[in-house]
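J.: Starting off with a structure, shown below.
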Amino acid sequence: MAVLTCSFFSETLRESTAMTVILPESATGQIGMNTRTTAQPPPVLYLLHGLSDDETIWTRRTSIERYVAPLGIAVVMPRAGRSFYTNEHHGQRYWDFISDELPHQVAHFFRVATDRNHTYVAGLSMGGYGAMKLALRHPNRYIAAASISGVLSMAPTPAVDNLAVEVPQVWGGQHPHGTDDDPITMLHRANPTDLPRLYQSCGTEDFLYQENLHFAHTATERGITVTTDLTGPGSHDWDYFDYSIQQVLTWMFPTTTEQP
(Lines give C-alpha, C1' and ligand atoms only; values in the text may rest on other atoms or scores of the structure.)
Protein backbone atom coordinates (compact mmCIF):
# COMPACT_ATOMS: atom_id res chain seq x y z
CA MET A 1 0.00 0.00 0.00
CA ALA A 2 1.07 3.55 -0.65
CA VAL A 3 0.52 6.07 2.14
CA LEU A 4 0.50 9.72 1.09
CA THR A 5 0.30 13.00 2.94
CA CYS A 6 -1.44 15.44 0.65
CA SER A 7 -1.25 19.16 1.49
CA PHE A 8 -3.49 21.34 -0.65
CA PHE A 9 -5.37 24.62 -0.68
CA SER A 10 -9.10 24.58 0.03
CA GLU A 11 -11.17 27.24 -1.70
CA THR A 12 -13.99 26.53 0.76
CA LEU A 13 -11.84 26.99 3.87
CA ARG A 14 -9.70 29.68 2.23
CA GLU A 15 -6.59 28.08 3.67
CA SER A 16 -4.20 25.18 3.23
CA THR A 17 -5.24 21.87 4.71
CA ALA A 18 -4.21 18.22 4.46
CA MET A 19 -5.39 14.65 4.12
CA THR A 20 -3.73 11.28 4.58
CA VAL A 21 -4.49 8.85 1.76
CA ILE A 22 -3.90 5.11 1.47
CA LEU A 23 -3.86 3.68 -2.06
CA PRO A 24 -3.59 0.07 -3.24
CA GLU A 25 -0.15 -0.70 -4.60
CA SER A 26 0.94 -3.71 -6.60
CA ALA A 27 4.00 -4.91 -4.67
CA THR A 28 4.28 -8.68 -5.05
CA GLY A 29 7.77 -8.75 -3.58
CA GLN A 30 6.76 -7.12 -0.31
CA ILE A 31 7.06 -9.60 2.53
CA GLY A 32 4.15 -9.97 4.93
CA MET A 33 1.59 -7.95 2.95
CA ASN A 34 -1.25 -9.25 0.81
CA THR A 35 -2.37 -6.28 -1.25
CA ARG A 36 -5.24 -6.59 -3.71
CA THR A 37 -5.28 -4.44 -6.85
CA THR A 38 -7.49 -4.43 -9.92
CA ALA A 39 -7.50 -2.69 -13.28
CA GLN A 40 -10.45 -0.58 -12.16
CA PRO A 41 -10.24 2.50 -9.93
CA PRO A 42 -10.49 1.24 -6.34
CA PRO A 43 -13.48 1.86 -4.08
CA VAL A 44 -12.88 4.72 -1.66
CA LEU A 45 -13.55 4.92 2.07
CA TYR A 46 -13.69 8.37 3.65
CA LEU A 47 -12.48 7.76 7.22
CA LEU A 48 -13.14 10.61 9.64
CA HIS A 49 -11.30 11.51 12.84
CA GLY A 50 -12.58 12.52 16.26
CA LEU A 51 -12.66 15.80 18.18
CA SER A 52 -9.11 15.84 19.54
CA ASP A 53 -7.37 14.34 16.49
CA ASP A 54 -6.37 15.03 12.91
CA GLU A 55 -5.84 13.37 9.53
CA THR A 56 -2.91 11.27 10.81
CA ILE A 57 -4.62 9.60 13.75
CA TRP A 58 -5.96 6.45 12.06
CA THR A 59 -2.52 5.52 10.74
CA ARG A 60 -0.89 6.30 14.09
CA ARG A 61 -3.31 4.47 16.39
CA THR A 62 -4.39 1.51 14.23
CA SER A 63 -3.04 -0.78 11.51
CA ILE A 64 -5.55 0.61 9.00
CA GLU A 65 -3.04 0.26 6.14
CA ARG A 66 -2.70 -3.45 6.86
CA TYR A 67 -6.43 -3.92 7.40
CA VAL A 68 -7.42 -2.51 4.00
CA ALA A 69 -4.60 -4.04 1.93
CA PRO A 70 -6.44 -7.29 1.07
CA LEU A 71 -9.61 -5.33 0.29
CA GLY A 72 -8.08 -3.30 -2.52
CA ILE A 73 -9.66 -0.04 -1.39
CA ALA A 74 -8.43 3.53 -1.09
CA VAL A 75 -8.83 5.35 2.22
CA VAL A 76 -9.10 9.14 2.47
CA MET A 77 -8.60 10.68 5.92
CA PRO A 78 -9.20 14.46 5.85
CA ARG A 79 -8.40 17.10 8.43
CA ALA A 80 -11.52 18.63 10.00
CA GLY A 81 -10.29 20.35 13.16
CA ARG A 82 -12.84 20.53 15.98
CA SER A 83 -15.64 21.36 13.57
CA PHE A 84 -18.10 18.50 14.11
CA TYR A 85 -18.14 18.37 10.31
CA THR A 86 -20.36 21.44 10.39
CA ASN A 87 -20.32 24.92 8.92
CA GLU A 88 -19.17 26.67 12.08
CA HIS A 89 -21.19 29.60 13.40
CA HIS A 90 -17.92 31.38 14.16
CA GLY A 91 -15.32 29.82 11.92
CA GLN A 92 -14.97 27.72 8.80
CA ARG A 93 -17.37 25.99 6.40
CA TYR A 94 -16.22 22.47 7.23
CA TRP A 95 -19.48 20.84 6.18
CA ASP A 96 -19.22 22.33 2.71
CA PHE A 97 -15.56 21.33 2.56
CA ILE A 98 -16.05 17.69 3.62
CA SER A 99 -19.31 17.02 1.78
CA ASP A 100 -18.66 18.86 -1.50
CA GLU A 101 -15.13 20.14 -2.10
CA LEU A 102 -13.19 17.17 -0.71
CA PRO A 103 -14.65 14.49 -3.06
CA HIS A 104 -13.91 16.71 -6.06
CA GLN A 105 -10.33 17.24 -4.91
CA VAL A 106 -9.85 13.52 -4.30
CA ALA A 107 -11.14 12.70 -7.78
CA HIS A 108 -8.83 15.35 -9.23
CA PHE A 109 -5.71 14.16 -7.42
CA PHE A 110 -6.17 10.38 -7.38
CA ARG A 111 -7.45 7.55 -9.53
CA VAL A 112 -10.30 6.26 -7.36
CA ALA A 113 -13.94 5.34 -7.91
CA THR A 114 -16.38 8.23 -7.76
CA ASP A 115 -19.77 6.49 -8.15
CA ARG A 116 -22.10 5.81 -5.22
CA ASN A 117 -21.74 2.03 -5.40
CA HIS A 118 -18.05 2.26 -4.56
CA THR A 119 -18.03 5.17 -2.07
CA TYR A 120 -18.09 4.55 1.70
CA VAL A 121 -17.80 6.68 4.83
CA ALA A 122 -16.97 5.86 8.46
CA GLY A 123 -15.62 7.62 11.51
CA LEU A 124 -15.18 7.58 15.26
CA SER A 125 -16.73 9.82 17.91
CA MET A 126 -17.08 13.24 16.22
CA GLY A 127 -16.21 11.41 13.00
CA GLY A 128 -18.98 8.87 13.62
CA TYR A 129 -21.34 11.82 13.82
CA GLY A 130 -19.87 13.15 10.56
CA ALA A 131 -20.24 9.80 8.80
CA MET A 132 -23.92 9.46 9.71
CA LYS A 133 -24.54 13.10 8.85
CA LEU A 134 -23.10 12.57 5.36
CA ALA A 135 -25.13 9.39 4.87
CA LEU A 136 -28.41 10.89 6.08
CA ARG A 137 -28.07 14.19 4.26
CA HIS A 138 -26.54 12.85 1.05
CA PRO A 139 -27.78 9.26 0.76
CA ASN A 140 -27.27 9.29 -3.01
CA ARG A 141 -23.48 9.56 -2.58
CA TYR A 142 -22.64 6.59 -0.33
CA ILE A 143 -23.33 2.88 -0.50
CA ALA A 144 -22.57 2.34 3.20
CA ALA A 145 -21.80 4.38 6.30
CA ALA A 146 -20.56 3.42 9.76
CA SER A 147 -20.26 5.17 13.10
CA ILE A 148 -17.88 3.99 15.82
CA SER A 149 -18.70 5.43 19.26
CA GLY A 150 -20.36 8.34 17.48
CA VAL A 151 -22.25 11.34 18.80
CA LEU A 152 -25.58 10.12 17.39
CA SER A 153 -28.05 12.13 19.43
CA MET A 154 -28.02 15.79 20.37
CA ALA A 155 -30.71 15.46 23.03
CA PRO A 156 -29.67 17.45 26.11
CA THR A 157 -27.64 15.10 28.30
CA PRO A 158 -24.48 15.76 30.34
CA ALA A 159 -22.36 14.07 27.66
CA VAL A 160 -23.76 16.13 24.78
CA ASP A 161 -23.87 19.35 26.81
CA ASN A 162 -20.18 18.95 27.64
CA LEU A 163 -19.31 18.43 23.99
CA ALA A 164 -21.26 21.53 22.95
CA VAL A 165 -19.34 23.56 25.55
CA GLU A 166 -16.04 22.30 24.11
CA VAL A 167 -16.84 23.62 20.63
CA PRO A 168 -18.58 27.00 21.14
CA GLN A 169 -17.54 28.14 17.67
CA VAL A 170 -19.59 25.40 15.98
CA TRP A 171 -23.14 26.23 17.04
CA GLY A 172 -22.56 29.72 18.40
CA GLY A 173 -23.63 28.84 21.92
CA GLN A 174 -26.95 27.37 20.75
CA HIS A 175 -27.83 23.75 21.49
CA PRO A 176 -28.10 21.70 18.25
CA HIS A 177 -30.91 19.49 19.59
CA GLY A 178 -33.80 19.41 17.11
CA THR A 179 -31.89 21.18 14.34
CA ASP A 180 -30.59 19.96 10.99
CA ASP A 181 -27.35 19.07 12.81
CA ASP A 182 -29.08 16.60 15.16
CA PRO A 183 -28.80 12.95 13.96
CA ILE A 184 -32.20 12.11 15.48
CA THR A 185 -33.82 14.94 13.54
CA MET A 186 -32.03 13.72 10.41
CA LEU A 187 -33.46 10.23 10.97
CA HIS A 188 -36.99 11.62 11.17
CA ARG A 189 -36.50 13.56 7.94
CA ALA A 190 -34.82 10.72 6.01
CA ASN A 191 -36.57 8.49 3.48
CA PRO A 192 -35.80 4.93 4.62
CA THR A 193 -35.85 3.62 1.05
CA ASP A 194 -33.15 6.06 -0.10
CA LEU A 195 -30.55 5.45 2.58
CA PRO A 196 -27.25 3.57 2.24
CA ARG A 197 -26.47 0.60 4.46
CA LEU A 198 -25.90 1.87 8.00
CA TYR A 199 -23.83 0.50 10.88
CA GLN A 200 -23.18 1.70 14.41
CA SER A 201 -21.08 0.36 17.25
CA CYS A 202 -20.49 1.58 20.77
CA GLY A 203 -19.14 -0.13 23.88
CA THR A 204 -21.35 -0.44 26.94
CA GLU A 205 -18.88 1.56 29.07
CA ASP A 206 -18.72 4.46 26.62
CA PHE A 207 -20.02 7.84 27.87
CA LEU A 208 -21.98 8.08 24.59
CA TYR A 209 -23.68 4.71 24.98
CA GLN A 210 -27.15 6.09 25.79
CA GLU A 211 -27.00 8.42 22.79
CA ASN A 212 -26.21 5.42 20.58
CA LEU A 213 -29.13 3.44 22.02
CA HIS A 214 -31.42 6.42 21.33
CA PHE A 215 -30.28 6.53 17.71
CA ALA A 216 -30.78 2.78 17.24
CA HIS A 217 -34.27 2.84 18.79
CA THR A 218 -35.31 5.84 16.71
CA ALA A 219 -34.08 4.16 13.52
CA THR A 220 -36.14 1.06 14.35
CA GLU A 221 -39.23 3.20 14.97
CA ARG A 222 -38.72 4.89 11.60
CA GLY A 223 -38.32 1.58 9.76
CA ILE A 224 -34.66 2.31 9.03
CA THR A 225 -32.36 -0.70 9.07
CA VAL A 226 -29.14 -0.20 11.01
CA THR A 227 -26.69 -3.00 11.73
CA THR A 228 -25.69 -2.53 15.37
CA ASP A 229 -22.96 -3.68 17.71
CA LEU A 230 -24.15 -2.25 21.02
CA THR A 231 -23.98 -5.16 23.44
CA GLY A 232 -20.27 -5.71 23.96
CA PRO A 233 -17.94 -4.08 26.47
CA GLY A 234 -15.80 -1.13 25.48
CA SER A 235 -14.86 2.41 26.42
CA HIS A 236 -14.21 5.55 24.40
CA ASP A 237 -10.62 4.59 23.62
CA TRP A 238 -8.35 3.24 20.90
CA ASP A 239 -8.55 -0.35 22.07
CA TYR A 240 -12.23 -0.24 21.16
CA PHE A 241 -11.81 1.94 18.06
CA ASP A 242 -9.14 -0.37 16.65
CA TYR A 243 -11.29 -3.43 17.25
CA SER A 244 -14.36 -1.74 15.77
CA ILE A 245 -12.80 -0.50 12.54
CA GLN A 246 -11.89 -4.09 11.73
CA GLN A 247 -15.52 -5.10 12.28
CA VAL A 248 -16.68 -2.20 10.13
CA LEU A 249 -14.41 -3.23 7.25
CA THR A 250 -15.68 -6.82 7.45
CA TRP A 251 -19.25 -5.51 7.32
CA MET A 252 -18.58 -3.06 4.48
CA PHE A 253 -16.50 -5.44 2.37
CA PRO A 254 -17.74 -8.96 3.17
CA THR A 255 -15.43 -10.58 0.62
CA THR A 256 -12.23 -9.54 -1.15
CA THR A 257 -13.45 -10.70 -4.52
CA GLU A 258 -16.59 -8.64 -5.05
CA GLN A 259 -17.90 -5.27 -4.01
CA PRO A 260 -21.56 -4.37 -3.33
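J.: Just checking, how many residues over segment 195-217 are touching a Leu at 6+ places or on another chain (Cβ under 8 Å) and either touching a residue at least 60 places away in the same chain (Cβ under 8 Å) or small (Gly, Ala, Ser) (or both)?
T.: 9
J.: Among the listed residues Gly127, Gly123, Gly81, which satisfies the condition of being in contact with a Phe, Trp or Tyr (Cβ under 8 Å, 6 or more places away or on another chain) and assigned to a strand (DSSP E or B)?
T.: Only one candidate passes the filter, namely Gly123.
To keep it simple, each residue is scored yes or no on (1) of a type outside the set (Gly, Ala, Ser); (2) more than 27 Å from Gly232 (Cβ to Cβ); (3) out of contact with any helix residue (DSSP H, G or I) (no Cβ under 9 Å at 6 or more places or on another chain).
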site: His118; (1), (2), (3): yes, yes, yes
site: Leu136; (1), (2), (3): yes, no, no
site: Pro158; (1), (2), (3): yes, no, yes
site: Pro168; (1), (2), (3): yes, yes, yes
site: Leu187; (1), (2), (3): yes, no, no
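J.: Looking at (1) assigned to a helix (DSSP H, G or I); (2) surrounded by 15 or more Cβ atoms within 10 Å (Cβ to Cβ); (3) modelled with pLDDT of 95 or more; (4) not polar (S, T, N, Q), which one does Ala69 not meet, given that it meets all the others?
T.: That leaves (3) as the condition not met.
J.: Here's another thing I want to ask about it. If you go through segment 36-66 one residue at a time, how many are surrounded by 19 or more Cβ atoms within 10 Å (Cβ to Cβ) and within 25 Å of Pro196 (Cα to Cα)?
T.: Residues in segment 36-66 being surrounded by 19 or more Cβ atoms within 10 Å (Cβ to Cβ) and within 25 Å of Pro196 (Cα to Cα): 12 in total.
J.: Give the number of residues within segment 159-194 that are out of contact with any Leu (no Cβ under 7 Å at 6 or more places or on another chain) and part of a loop (DSSP other than H, G, I, E, B).
T.: Adding up the residues that qualify gives 13.
The values are calculated or read from the model by the stated rules, or taken from the named source; none is laboratory data. All of these numbers come straight from a predicted model, not from anything done at the bench. A quick note on method: Cβ atoms are made from the backbone with ideal geometry, for glycine too, and the neighbour counts reach across all protein chains shown.
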